[in-house]
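The values are calculated or read from the model by the stated rules, or taken from the named source; none is laboratory data. Since this is a predicted model, take the numbers as computed values, not measurements. Note that we place each Cβ from the backbone using ideal geometry, even for glycine, and neighbour counts take in every protein chain shown.
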Amino acid sequence: MGMFDSLYDFEFSYIPKRIRKDKRKYIGILNDKGQKELFRQFAIFCRIFGCENPYTEEDFSYEILQQDEDLTICRLDFPKPFQEPLCECAYIFLYKKKALFGKKTVVRYFTKEIGRGEDGYFLGERDNICQGTIGPVWFLQQQYAFKDELDFFRKIVMEDLP
């Protein structure tokens, strides 16, 4: 597995799998340890798959954009992408949505792709999990165009909140 493959699989497979599996626990670990934990997980990922880790802790960052009882929004920044389809950053949304009986916890994972189209940045949402060679593979469920983070929050998340 090369440098491109390892970063791609980490962004598009490993993190969504951990989010889907652990939800609040995984996000809690990232919230507590941030950038250091994100880098540590990538280093472990590289060791497991026998690939070199050319990055440093400073190449990753983690920021909590909002956190309250109704909504948690986190931004994960990855090493500067050197080619498509690597992503510049990802967003995790954790919130409660009205369900038939009360509320259910919803977790959404979006990747902001490198490059910019005429409509703005491209954002992919990963969903529809299936088994792949190294673990779950997340297919692109939808792709959105947006101009900035506020535009993105308005278009995607606010429409789904109770």
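Taken across the range 56-65, residues that are surrounded by fewer than 18 Cβ atoms within 10 Å (Cβ to Cβ) and closer than 22 Å to residue 104 by Cα do occur, with at least one present. Checking the stated criteria, residue 5 turns out not to satisfy the condition of being out of contact with any Phe, Trp or Tyr (no Cβ under 7 Å at 6 or more places or on another chain), closer than 19 Å to residue 110 by Cβ, assigned to a helix (DSSP H, G or I) and not basic (Lys, Arg).
Counting only strands (runs of 3 or more DSSP E) that fall entirely inside the range 46-162 and contain at least 2 residues that are among the hydrophobic types (A, V, I, L, M, F, W, C), at pLDDT below 80 and more than 15 Å from the chain's Cα centre (by Cα), the qualifying elements are 136-146.
Number of residues in the range 45-94 that are within 15 Å of residue 11 (Cα to Cα) and among the small types (Gly, Ala, Ser) equals 2. Within the range 36-77, being closer than 15 Å to residue 5 by Cβ and touching a Ser or Thr at 6+ places or on another chain (Cβ under 9 Å) holds for 42, 45, 46, 49, 51, 52, 53.
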